[in-house]
Amino acid sequence: MKKRWKRVYIEITNICNLSCSFCKQTKRIRKSMSPEEFEEILKKIDDYTDYIYLHVKGEPLIHQNLKEILNIASKYQKKVTITTNATLLKEKESILLESSCIRQMNLSLHSENNKEDYLEEIFSSVDKLLKKMNIVYRFWTLHKGILNEKSTETVKKINSYYHLSPETVEKLYTNSNIKIKENIYVNKDNEFLWPDLENEYYEPYGYCHALKDQIAILVDGTVIPCCLDGEGFINLGNIYESTMEEIMSNDRTKNMIEGFKSRKVSEELCKHCNFKEKFNR
C-alpha cells in the first residue's frame with residue numbers, strides 16, 4: 001500500500017514581493033513552476049495525498065498562471081491550502097472565488113509591508129472568500145507568546161471590524177488558536193528559527209513529522225522532507241527525474257525515517273532546526 005501524507009507542499013514559485021526580516025531569503029534561482037510541471041507533479045503524487053499546500057518560499061498569489069494552477073489542482077481533486085502575505089488578495093480575488101479546490105487561506109498578517117489600506121482590503125476580500133473556504137489570520141512573530149506592536153494593532157482592528165464579544169477578545173489575546181467567526185480563525189505562534197547549518201542551535205536527538213505526515217517539492221522539482229528546508233539542503237531526489245517510489249526508497253530517505261523513529265536525527269540540517277521541539281514536548 002502506498003504511503004499517504006497529510007500534506008504535500010508544492011512551491012509553485014520562490015519569488016516574493018516582500019522581503020520580511022523574519023523570513024530567510026532564498027539564494028536559489030528565481031523561478032515559477034509552469035502549469036505543465038505542476039501537472040506532472042500532481043500525477044506523481046496523486047496516490048500519496050489529497051491535500052496540497054502551495055508554498056515553501058515565495059508568494060503563491062504572484063504566480064502569473066495561478067488560475068491554471070488551481071484548475072489543474074481541481075482536475076486532480078486536490079484540496080488546496082494557500083499561505084500568503086495577503087498583499088495581492090484583492091487583485092487575485094476573482095481567481096480565488098472561481099476556484100473550487102481551495103479549502104483554506106492562511107493570511108500572514110505579521111508580514112512587513114507599507115501598503116496603504118492593507119487591512120481594509122483584506123477584510124473586504126475575506127468577507128467574500130469565507131463563503132467558500134476557511135480563512136486563518138496568522139501571527140507567527142510572537143516573542144515568548146507576546147504580540148509585537150504592529151501585530152497588537154492588527155488584532156485590535158480585527159476585534160473592531162468583527163465586533164467580537166468580550167469572551168472572544170479574551171481568547172484572542174490568550175489562546176494560540178481560536179475561531180472568531182464562522183470559517184474565520186486566528187492562529188498565533190512564536191517566531192521560529194529557520195534551520196540553517198550556521199545556526200547556533202544544535203540538537204542531534206528528537207522527533208519530527210517530516211516524511212511521516214508531510215513532504216515538500218521545490219520549484220525546480222527537488223524533493224525535500226519538509227517545508228522548512230527552503231534551500232534544498234536535504235535533496236532526496238528530483239520529482240521530474242524519479243518516481244515517488246524511488247525517492248521514498250533511497251538510502252537518505254530511509255535513514256531519516258528510521259532515525260526519527262528512534263529519535264535520532266540523521267541529517268545535519270535537522271540538528272540545527274529547533275522546530276522539532278514542538279513535537280518533543
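The values are calculated or read from the model by the stated rules, or taken from the named source; none is laboratory data. Just so it is clear, the model here is predicted, and its values are computed rather than measured. A quick note on method: Cβ atoms are made from the backbone with ideal geometry, for glycine too, and the neighbour counts reach across all protein chains shown. Keep in mind that these areas ignore ligands, DNA and RNA; they rest on the heavy atoms of the full protein, side chains included. Shrake-Rupley method; radii C 1.70, N 1.55, O 1.52, S 1.80 Å.
Looking for something outside any strand (DSSP E or B), open to solvent by less than 50 Å² (accessible area, probe 1.4 Å) and in contact (Cβ under 8 Å) with a residue 40 or more places away in the chain - is there at least one such residue anywhere in the stretch 69-85? I'd like the intermediate steps shown before the answer.
We begin by selecting, within the stretch 69-85, every residue outside any strand (DSSP E or B); these are 69-78, 85.
In the following step, the residues that additionally are open to solvent by less than 50 Å² (accessible area, probe 1.4 Å) were identified as 69-70, 72-74, 76, 78, 85.
If we keep only those that are in contact (Cβ under 8 Å) with a residue 40 or more places away in the chain too, we end up with 69, 85.
Yes, the conditions are met somewhere in the stretch 69-85.
For E277, are the conditions met, namely being surrounded by fewer than 18 Cβ atoms within 10 Å (Cβ to Cβ) and free of Cβ contacts under 8 Å to residues at least 40 places away in the same chain?
Values: surrounded by fewer than 18 Cβ atoms within 10 Å (Cβ to Cβ): yes; free of Cβ contacts under 8 Å to residues at least 40 places away in the same chain: no.
No; evaluated as a whole, the condition is false for this residue.
Take the residues in the stretch 182-197 that are in contact (Cβ under 8 Å) with a residue 60 or more places away in the chain and in a loop (DSSP other than H, G, I, E, B), then tell me which one is farthest from S160 (Cα to Cα). Explain how you work it out, then say what you get.
Residues of the stretch 182-197 that are in contact (Cβ under 8 Å) with a residue 60 or more places away in the chain, as a first pass: 187, 191-197.
From what is left, the residues that are in a loop (DSSP other than H, G, I, E, B) are 191-197.
Numbers: E191: 25, F192: 29, L193: 32, W194: 33, P195: 37, D196: 40, L197: 43 Å.
Filtering the stretch 182-197 for residues that are in contact (Cβ under 8 Å) with a residue 60 or more places away in the chain and in a loop (DSSP other than H, G, I, E, B), the one farthest from S160 (Cα to Cα) comes out as L197.
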One residue is enough: does the stretch 235-256 have a residue meeting the conditions open to solvent by less than 60 Å² (accessible area, probe 1.4 Å), under 20 Å from Q25 (Cβ atoms), part of a loop (DSSP other than H, G, I, E, B) and in contact with an Asp or Glu (Cβ under 9 Å, 6 or more places away or on another chain)? no
Restricted to the stretch 146-181, and to residues that are in contact with a Lys or Arg (Cβ under 8 Å, 6 or more places away or on another chain) and in a strand (DSSP E or B), which residue is most open to solvent (accessible area, probe 1.4 Å)? N177
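Residue-by-condition table, conditions (1) open to solvent by 10 Å² or more (accessible area, probe 1.4 Å); (2) over 19 Å from the mean Cα position of the chain (by Cα); (3) of a type in the set (A, V, I, L, M, F, W, C); (4) under 19 Å from K128 (Cβ atoms):
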{"site": "H55", "(1), (2), (3), (4)": "yes, no, no, no"}
{"site": "G58", "(1), (2), (3), (4)": "yes, no, no, no"}
{"site": "L61", "(1), (2), (3), (4)": "no, no, yes, yes"}
{"site": "K92", "(1), (2), (3), (4)": "yes, no, no, yes"}
Among the residues of the stretch 31-43, the number that are over 12 Å from E59 (Cα atoms) and either part of a loop (DSSP other than H, G, I, E, B) or hydrophobic (A, V, I, L, M, F, W, C) (or both) is 5
Filtering the stretch 198-212 for residues that are within 18 Å of D50 (Cα to Cα) and open to solvent by less than 20 Å² (accessible area, probe 1.4 Å) leaves a count of 2
So I52, is it part of a strand (DSSP E or B), modelled with pLDDT of 95 or more and among the β-branched types (V, I, T): yes
Between a first residue in the stretch 139-159 that is within 9 Å of D189 (Cα to Cα) and modelled with pLDDT of 90 or more and a second residue that is hydroxyl-bearing (S, T, Y) and assigned to a helix (DSSP H, G or I), which pairs have beta carbons less than 6 Å apart while being 6 or more apart in sequence or on different chains? F139/S151
Looking at the stretch 257-274 only, could you name the residues that are in a helix (DSSP H, G or I) and either of a type in the set (A, V, I, L, M, F, W, C) or open to solvent by 20 Å² or more (accessible area, probe 1.4 Å) (or both)? I257, E258, F260, K261, E268, L269, C270, K271, N274
